[in-house]
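Engineer: I'd like to ask you about the structure that follows.
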Amino acid sequence: MSIRVLLADDQALVRGGLRLILDAQPDIAVVAEAADGVEAIEAARRLRPDVCLVDVRMPRLDGIEVTRALAGPGVPEPLKVVVVTTFDLDEYVYGALRGGAVGFVLKDAGPVLLAEAVRAAHRGDALVSPSITLRLLQRLAPATRGTDRPGRPLSDRELEVVRAIARGRTNREVAAELFISLSTVKSHVSGIQTKLGLRNRVEIAAWAWEHGHVDPS
């Protein structure tokens with residue numbers, strides 16, 4: 001069965017280009033389009049797509065507000081939202097991340113990465129455009145680090161997993177890097193999310209940078 005996608009962007013040409021890319025994939029189907037944030041929320045709640053691909057800047061409600069409404073804290077049945085942006089809008093992406101987005105990609109990331117971002121969101125993973133991952137998290141991490149500790153401390157192995165996630169590693173790459181099984185990585189990720197009160201890998205990466213667990217050099 002195809003992954004059902006909602007596209008939200010105020011530019012018709014952009015929506016058309018994204019639709020062409022995604023509909024060309026054998027396992028992805030665009031089921032709706034929205035030209036502004038209000039339309040996006042209404043369509044998403046009505047159709048319950050597998051993934052919502054949302055632009056940051058839109059009329060009426062922007063992508064951050066849309067993300068919070070569809071995937072934010074307190075949403076009973078959150079949808080999976082991937083935010084689309086350009087590099088000079090990192091602050092908006094960070095806000096969307098905090099609002100519950102499971103990933104973000106650049107508009108010029110290319111068809112392969114765009115499709116992979118949709119697939120990653122659908123399977124409960126997250127994909128961030130490699131060209132902005134470290135620069136975004138480094139630049140937005142607070143100057144004062146390590147002052148906020150989780151209620152339940154992370155084990156040394158969990159911290160290793162956190163650092164790997166913060167460097168953009170997939171579960172398979174973490175498993176290979178740490179010489180552990182894929183199922184063990186998934187178990188660690190689940191435990192980390194529970195201990196830190198986080199909902200996805202993107203939030204884990206942000207937490208790692210904010211609390212000084214990744215070398216910014």
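The values are calculated or read from the model by the stated rules, or taken from the named source; none is laboratory data. Just so we're clear, the structure is a prediction, and the values are computed from it rather than from any experiment. Quick reminder, even Gly has a Cβ in these numbers, built from the backbone with ideal geometry, and neighbours come from all protein chains shown. What goes into the accessible areas is simple: the full protein's heavy atoms, side chains included, and nothing from ligands, DNA or RNA. Shrake-Rupley method; radii C 1.70, N 1.55, O 1.52, S 1.80 Å.
Engineer: Consider residue 214 carefully, then state whether it is out of contact with any strand residue (DSSP E or B) (no Cβ under 8 Å at 6 or more places or on another chain), open to solvent by less than 20 Å² (accessible area, probe 1.4 Å) and not hydroxyl-bearing (Ser, Thr, Tyr). Please lay out each step first, then the result.
Structural biologist: Working: out of contact with any strand residue (DSSP E or B) (no Cβ under 8 Å at 6 or more places or on another chain): yes; open to solvent by less than 20 Å² (accessible area, probe 1.4 Å): yes; not hydroxyl-bearing (Ser, Thr, Tyr): yes.
Against the criterion (out of contact with any strand residue (DSSP E or B) (no Cβ under 8 Å at 6 or more places or on another chain), open to solvent by less than 20 Å² (accessible area, probe 1.4 Å) and not hydroxyl-bearing (Ser, Thr, Tyr)), residue 214 qualifies.
Engineer: Is it the case that the stretch 1-20 has a residue that's polar (S, T, N, Q), under 19 Å from residue 113 (Cα atoms) and without any contact (Cβ under 8 Å) to a residue 40 or more places away in the chain?
Structural biologist: Applying the first criterion (polar (S, T, N, Q)) to the stretch 1-20 yields 2, 11.
Add one more test, that the residue is under 19 Å from residue 113 (Cα atoms), and what stays is 2.
Of the ones still in play, those that are also without any contact (Cβ under 8 Å) to a residue 40 or more places away in the chain are 2.
The answer is yes, given that some residue of the stretch 1-20 is polar (S, T, N, Q), under 19 Å from residue 113 (Cα atoms) and without any contact (Cβ under 8 Å) to a residue 40 or more places away in the chain.
Engineer: Ok, one more. Of all residues in the stretch 67-81, which are open to solvent by 40 Å² or more (accessible area, probe 1.4 Å) and under 15 Å from the mean Cα position of the chain (by Cα)? Working first, answer last.
Structural biologist: In the first step, residues of the stretch 67-81 are kept if they are open to solvent by 40 Å² or more (accessible area, probe 1.4 Å); the result is 68, 73-74, 76-78, 80.
Listed by number, the residues that qualify are 68, 73, 78, 80.
Engineer: Still on this structure, I have one more. Give the residue that is nearest to the chain's Cα centre (by Cα), with candidates limited to residues of the stretch 42-58 that are modelled with pLDDT of 95 or more and open to solvent by 20 Å² or more (accessible area, probe 1.4 Å).
Structural biologist: 50
Engineer: Considering only residues that are at pLDDT 75 or above and open to solvent by 60 Å² or more (accessible area, probe 1.4 Å), which ones fall in the stretch 85-102?
Structural biologist: 98
Engineer: Could you please find all residues in the stretch 137-173 being at pLDDT 90 or above and open to solvent by less than 60 Å² (accessible area, probe 1.4 Å)?
Structural biologist: The answer is 154, 155, 158, 159, 161, 162.
Engineer: Those residues that are aliphatic (A, V, I, L, M), buried (at least 16 other Cβ atoms within 10 Å of the Cβ) and assigned to a helix (DSSP H, G or I), I need them from the stretch 179-211; list them, please. Spell out the reasoning first.
Structural biologist: Narrowing the stretch 179-211 to residues aliphatic (A, V, I, L, M): 180, 182, 185, 189, 192, 196, 198, 202, 204-206, 208.
Those still in the list that are buried (at least 16 other Cβ atoms within 10 Å of the Cβ) too: 180, 185, 189, 192, 196, 198, 202, 204-206, 208.
Selection gives 185, 189, 192, 196, 202, 204, 205, 206, 208.
Engineer: Which of the residues belonging to the stretch 1-10 are touching a strand residue (DSSP E or B) at 6+ places or on another chain (Cβ under 8 Å), in a loop (DSSP other than H, G, I, E, B) and open to solvent by 50 Å² or more (accessible area, probe 1.4 Å)? Don't jump to the end; show me each part of the working.
Structural biologist: So in the stretch 1-10, the residues touching a strand residue (DSSP E or B) at 6+ places or on another chain (Cβ under 8 Å) come out as 2-10.
Add one more test, that the residue is in a loop (DSSP other than H, G, I, E, B), and what stays is 2, 9-10.
10 - this is the single residue of the stretch 1-10 that is touching a strand residue (DSSP E or B) at 6+ places or on another chain (Cβ under 8 Å), in a loop (DSSP other than H, G, I, E, B) and open to solvent by 50 Å² or more (accessible area, probe 1.4 Å).
Engineer: Give 38, 14, 31 a once-over and let me know the one that is in a helix (DSSP H, G or I), open to solvent by 20 Å² or more (accessible area, probe 1.4 Å) and touching a strand residue (DSSP E or B) at 6+ places or on another chain (Cβ under 9 Å). Spell out the reasoning first.
Structural biologist: On the way: 38 fails: touching a strand residue (DSSP E or B) at 6+ places or on another chain (Cβ under 9 Å); 31 fails: in a helix (DSSP H, G or I).
Matching residue, one of 38, 14, 31: 14.
Engineer: Of the conditions (1) farther than 17 Å from residue 122 by Cβ; (2) among the hydrophobic types (A, V, I, L, M, F, W, C); (3) open to solvent by less than 10 Å² (accessible area, probe 1.4 Å), residue 64 clears all except one; give me its number.
Structural biologist: (3)
Engineer: Now, a different point. Please work out which residue is nearest to residue 22 (Cα to Cα), limiting yourself to the stretch 103-121 and to residues that are at pLDDT below 85 and β-branched (Val, Ile, Thr).
Structural biologist: Within the stretch 103-121, the match that is nearest to residue 22 (Cα to Cα) is 112.
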